[in-house]
Amino acid sequence: MTAKAKPAGITSLQQEGRVFKPSKEFSKGAHIKSLAHYKKLYSESVKSPDKFWAKQAANELVWFKPWKTVCQWKEPVAKWFVGGQLNVSHNCLDRWLNTPHANKAALIWEGEPEAPGKAGEVRTLTYKQLHREVCLFANVLKRNGIKRGDRVMIYLPMLAEAAVAMLACTRIGAVHSVVFGGFSAQSVADRIFDCQAKLVITADGGFRRGSVVPLKRNVDEALTLKDSQGDRLAKTIEKVIVLRRAGNEVAIEEGRDVWWHQEMECVDAQCVAEKMDSEAPLFILYTSGSTGKPKGILHTTGGYLLGAKMTSKYVFDLRDEDVYWCTADVGWVTGHSYVVYGPLANGATSLIYEGAPNFPEPDRFWRIVEKYGVTILYTAPTAIRAFMKWGVEWPKKHDLRSLRLLGSVGEPINPEAWLWYHENIGGKRCPIVDTWWQTETGGIMITPLPGATPTKPGSATLPFFGIVPEVVDEAGKPVPRNTGGKLIVRKPWPFMLRGLWGDPQRYKEVYWSEVKGCYFTGDGCRQDKDGYFWIVGRIDDVLNVAGHRIGTAEVESAIVSNPKVAEAAVVGRPDDLKGQALVAFVILKTGVKPEPALREEIRQQVAKEIGPVAKPDDIRFVEALPKTRSGKIMRRLLKQIAAGVEIKGDTTTLEDINVLAKLSQAEE
Ligand code: WT7
């Protein structure tokens with residue numbers, strides 16, 4: 001157990017213990033108006049979960065056919081709203097058509113490039129327009145051979161078309177798997193292989209900080225990559241749909257590649273939403289675990305959508321007049337639940353921005369807030385810390401008074417960043433919701449409700465309705481308050497993952513074997529005297545670098561694929577900006593000189609195997625790694641060396657004590 005009581009990067013401010021109560025004014029207009037109101041609903045939700053969720057599912061979603069059983073739980077397999085039928089795109093689009101929402105902006109999109117003195121490209125899609133686009137594109141998918149249950153890979157920049165593609169899949173019952181545009185050709189190929197996708201949707205290129213990311217070229221390469229037996233990884237791919245975005249030159253392979261805009265002209269705008277079983281697979285999203293192979297997290301239809309809708313409504317306190325902006329990329333689960341499905345299921349206006357927060361200058365976000373009158377902003381601590389570094393003069397240039405609520409997600413937010421966000425972005429008037437959840441949980445699990453929960457900077461506070469998190473010790477027993485332990489969830493919830501694509505055994509081992517009968521989160525946590533949850537961060541071999549989840553084993557395997565490398569161990573060290581930075585300890589093969597150029601070569605190799613997000617920040621060439629007599633790398637010691645702190649704890653299991661002295665010397 002390595003969880004410590006204090007989250008990395010959190011300073012003395014934590015002891016300050018300030019509590020921020022929701023303002024009367026905010027509470028008055030909120031869905032949940034007081035802590036007592038929250039507590040009452042929460043207690044009902046956990047005392048009679050079936051009753052609670054049944055009522056919510058009936059109120060929030062449109063069902064084609066009612067369910068027979070609310071929850072069927074046969075550990076570790078959960079089924080929710082069994083027998084019920086619905087369609088996600090119907091719930092996000094069609095249901096708003098004959099209402100006053102029809103002509104409301106569903107999506108507001110702004111592109112990254114701006115000519116000097118000229119604003120970026122803008123596109124607004126009303127619910128009616130988005131519905132039409134989705135119907136057209138669903139017919140394009142059908143025309144290109146996609147049927148119910150088929151897997152479709154989406155590898156697109158942050159464009160309205162990414163949402164269109166996702167919704168079109170759900171409309172015809174195809175299962176999408178979105179891959180973040182920052183991942184490499186190899187990652188695309190591995191994921192296609194794992195889920196046996198039939199079709200890829202991509203763009204010629206995407207804009208990022210002024211340059212063009214050649215997405216189509218990566219797809220072309222992915223489609224040629226082979227496994228160790230010489231078999232093509234992506235041989236299940238029959239078609240590639242290419243969206244024109246950046247205008248860069250691309251190769252088009254006759255018979256395989258088709259243009260989005262040309263296909264859209266060949267179809268009509270009638271497309272009935274398929275009646276899908278509540279438990280029909282909705283999407284697969286790959287995320288890192290503690291082995292070299294990413295896990296395909298599977299979410300299904302009814303329970304997931306209910307979670308996305310309810311959490312959006314209550315956590316962001318959504319109202320009809322809001323302009324809501326979640327800055328996450330659709331390549332992450334946050335983009336799924338809180339850019340696309342949650343807001344649209346609520347009939348909200350969701351803003352999508354294509355590019356980087358500091359392009360062309362560090363005030364881009366604040367200009368966007370001002371320009372569209374954004375009322376709710378949901379972003380990551382790593383971004384907030386970057387804004388702090390860039391200086392308060394950038395937000396100060398803009399009128400941010402439209403904001404009424406701020407959110408944070410992805411990693412623990414240190415109190416300094418929290419307070420900076422509160423003062424400089426929220427003008428001391430906006431509640432901050434620090435939301436803890438995971439790709440696996442599908443939606444927000446531990447969070448303040450902004451009109452009800454007093455907040456403490458650095459704490460995600462209390463569980464959402466129906467969620468029963470607990471902090472337990474090695475033996476799975478609840479620990480006393482203010483004691484560190486493992487964070488688990490006791491009961492199944494509707495929006496939990498349903499498994500790992502094609503790997504039920506691993507699903508059981510990773511999530512349901514650590515603590516008997518409970519879902520294991522992989523996070524360390526403590527609860528304070530008020531029952532507030534303070535997440536410490538991962539306690540497995542998963543790192544959180546700038547809000548991106550990265551498996552150390554994946555990076556290690558990318559590094560050792562370099563023929564000059566004999567062995568590698570990757571650990572995290574605290575980083576002011578990114579939360580954690582990646583440090584790689586690398587042993588070179590005999591005779592290979594530890595030249596500085598080799599560091600760059602290794603970094604490039606990782607970018608190629610996984611993607612630029614996983615490039616190590618620090619590469620240290622060493623002669624040996626600290627190992628136990630049974631040959632297990634002692635990461636605990638490496639972490640201390642990487643952080644430059646004194647080595648503490650037991651070193652008696654170390655096979656060769658001299659290794660430590662040498663490692664410390666290897667630091668530059
Ligand atoms: C891991 C999940 C949640 C969607 C985006 C990331 C960390 C997430 C918080 C928070 C402290 C947090 C955890 C978690 N995390 N939110 N508010 N406070 N830690 O999803 O890539 O699946 O990563 O992110 O360590 O396990 P993900």
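The values are calculated or read from the model by the stated rules, or taken from the named source; none is laboratory data. Since this is a predicted model, take the numbers as computed values, not measurements. Glycine also receives a Cβ, built like all others from the backbone with ideal geometry; neighbour counts cover every protein chain displayed. With ligands, DNA and RNA removed, areas are computed over all heavy atoms of the protein, side chains included. Shrake-Rupley method; radii C 1.70, N 1.55, O 1.52, S 1.80 Å.
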Matching residues in the stretch 329-347 - criterion: being crowded, with 22+ Cβ neighbours inside 10 Å, under 24 Å from K371 (Cα atoms) and not hydroxyl-bearing (S, T, Y): V330, G335, V339, V340, G342, P343, L344, N346
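Out of N98, N91, report the one residue that is within 30 Å of R244 (Cα to Cα) and assigned by TED's automatic domain parsing to the domain that holds P49.
Values: N98 fails: within 30 Å of R244 (Cα to Cα).
Exactly one of N98, N91 is within 30 Å of R244 (Cα to Cα) and assigned by TED's automatic domain parsing to the domain that holds P49, namely N91.
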Give me a count of the residues in the stretch 412-441 that are near the ligand (Cβ under 10 Å from one of its atoms) and over 24 Å from K389 (Cβ atoms). 6
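Here's the yes/no breakdown for (1) under 26 Å from I384 (Cα atoms); (2) within 16 Å of the ligand (Cβ to nearest atom); (3) at pLDDT below 95:
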position	(1), (2), (3)
P294	no, yes, yes
G302	no, no, no
G307	no, yes, no
T311	yes, yes, no
R319	yes, no, no
Y324	yes, no, no
A328	yes, yes, no
V333	yes, yes, no
S337	yes, yes, no
Specify the residue that is most open to solvent (accessible area, probe 1.4 Å); the eligible residues are those in the stretch 424-475 that are more than 25 Å from N544 (Cα to Cα) and among the small types (G, A, S). A475
Search result, residues across the stretch 542-571 that are open to solvent by 30 Å² or more (accessible area, probe 1.4 Å), outside any loop (DSSP other than H, G, I, E, B), more than 13 Å from the ligand (Cβ to nearest atom) and not hydrophobic (A, V, I, L, M, F, W, C): S557, E567
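Any residue that is under 24 Å from the mean Cα position of the chain (by Cα), at negative phi and among the hydrophobic types (A, V, I, L, M, F, W, C) - is there at least one of those in the stretch 591-599?
The initial filter retains those residues of the stretch 591-599 that are under 24 Å from the mean Cα position of the chain (by Cα), namely none.
No - not one qualifying residue is present in the stretch 591-599.
Yes/no per residue for (1) polar (S, T, N, Q); (2) touching a strand residue (DSSP E or B) at 6+ places or on another chain (Cβ under 8 Å); (3) in a strand (DSSP E or B):
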position	(1), (2), (3)
C71	no, yes, yes
W80	no, yes, yes
S89	yes, no, no
R95	no, no, no
A102	no, yes, no
W109	no, yes, yes
Number of positions in the stretch 502-530 that are of a type in the set (S, T, N, Q), part of a loop (DSSP other than H, G, I, E, B) and more than 18 Å from R490 (Cβ to Cβ): 0
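Can you pull out the residues in the stretch 201-243 that are outside any strand (DSSP E or B) and loosely packed, with under 15 Cβ neighbours inside 10 Å? Full working, then the answer.
The first filter runs over the stretch 201-243 and keeps only residues outside any strand (DSSP E or B), leaving 204-205, 209-210, 214-225, 227-231, 233-238.
Across the stretch 201-243, the qualifying residues are R209, G210, T224, D227, S228, Q229, G230, D231, K235.
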Listing of strands (runs of 3 or more DSSP E) fully contained in the stretch 280-392 that carry 2 or more residues being β-branched (V, I, T) and in the same structural domain as L449 (by TED's automatic domain parsing): 281-287, 295-300, 349-353
Among (1) under 20 Å from the mean Cα position of the chain (by Cα); (2) within 16 Å of the ligand (Cβ to nearest atom), there is one condition L577 misses while meeting the rest; what is its number? (2)
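Which of the residues belonging to the stretch 115-132 are on the phi < 0 side of the Ramachandran plot and open to solvent by 40 Å² or more (accessible area, probe 1.4 Å)?
Keep residues of the stretch 115-132 that are on the phi < 0 side of the Ramachandran plot, which gives 115-116, 118-132.
If the condition is that a residue be on the phi < 0 side of the Ramachandran plot and open to solvent by 40 Å² or more (accessible area, probe 1.4 Å), then A115, P116, K118, A119, E121, V122, R123, T124, K128, Q129, R132 are the ones that fit.
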